[in-house]
Amino acid sequence: EPGIERTIDHFVAAARRAERAGFDFVELHFAHGYLVHTFLSPLANHRKDRWGGSLENRMRIAVAIARAVRAALPASMAMGARLSCTDWVEGGFNLDEAVKVAAALKHEGAVYICCSSGGVHPDGRPPAAPSYMVPFAERIRREAGIPTRAVGLIDDPMVAEAIVAEGRADVVALARAMLADMRWPWR
């Protein structure tokens, strides 16, 4: 499995570059149809070896990457991960599995999970309503016992504040709101 070992080594090398560049933390991107998400999702992962099949096997690469990256970084540098918590397709990666992956990543040293969704299958149809992914952050926070970042069409400051104040997530990430109005946080 030299290809998988090389992939793990590439994540480690990227993390070390982030450290040398002066970043405070690294985020492992395990979402949106990128490589590690394709291992996590049974819709994309059709392997018959120890990297496919059961959730334990499908998440093996994510856990191995997290373990190797954590070991390569100084203790003062935080590591988090971004997950697609559901594929939005029947039989795909789902929130029950995401909770288990989040707990395993916490065990390997992740200090937060950014809770996103989708990206691996063309039939995935998220509802795309304001705050539609917040329940993912809430459940992972509660059941995996790890801080979470909520994302997804959060563009109202009062809603963002309520998500954090009510303990549904520890952090709210903004994208469209900031692109539309760079002074959004000041208000």
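The values are calculated or read from the model by the stated rules, or taken from the named source; none is laboratory data. Note that the coordinates shown come from a computational prediction; the quantities given were computed from them, not determined experimentally. Note: ideal-geometry Cβ built from the backbone for every residue, glycine included; neighbour counts use all protein chains shown. Heavy atoms of the whole protein, side chains included, go into the accessibility calculation; ligands, DNA and RNA do not. Shrake-Rupley method; radii C 1.70, N 1.55, O 1.52, S 1.80 Å.
Key figures for this structure:
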{"item": "Mean Kyte hydropathy of -1.0 or more with a Cα span along the axis of at least 24 Å, helices from DSSP in the chain", "result": "2-21"}
{"item": "Formal net charge of residues neighbouring A78 (Cβ-Cβ distance under 12 Å; K, R +1; D, E -1)", "result": "-2"}
{"item": "Calculated FRET value between E56 and A128, using beta carbons and R₀ = 22 Å, to 0.05", "result": "0.10"}
{"item": "Kirkwood estimate for segment 76-142, i.e. one over the average of 1/r between Cα atoms, Å", "result": "12.4"}
{"item": "Relative contact order [Cα under 8 Å, 6+ residues apart], segment 1-136, whole percent", "result": "27"}
{"item": "Rh (Kirkwood; distinct C-alpha pairs) - the chain, Å", "result": "17.0"}
{"item": "Listed residues W88, W186 arranged by accessible area, highest first, probe 1.4 Å", "result": "W186, W88"}
{"item": "Computed FRET value (nearest 0.05) for R142 with A180, which takes r as the C-beta separation and R₀ as 22 Å", "result": "0.10"}
{"item": "Per residue, in Å², the accessible surface of the chain once ligands and nucleic acids are set aside, probe 1.4 Å", "result": "52"}
{"item": "Sequence-separation-based contact order of segment 61-170, relative, with Cα cut under 8 Å and 6+ spacing, percent", "result": "25"}
{"item": "Heavy-atom accessible surface of the chain: percent carbon and sulfur, 1.4 Å", "result": "55"}
{"item": "For the chain, calculated [θ]222 nm from helices alone, where every DSSP H run of n ≥ 4 adds -39500 (n - 2.57)", "result": "-13000 deg cm²/dmol"}
{"item": "Solvent accessible area, Å² - E161, 1.4 Å probe, full protein context", "result": "110"}
{"item": "Cβ-defined net charge surrounding G109, 14 Å radius [Lys, Arg +1; Asp, Glu -1]", "result": "+1"}
{"item": "Spin-label pair R187/E90, simplified geometry with 7 Å Cα→Cβ offset, distance in nm", "result": "4.3"}
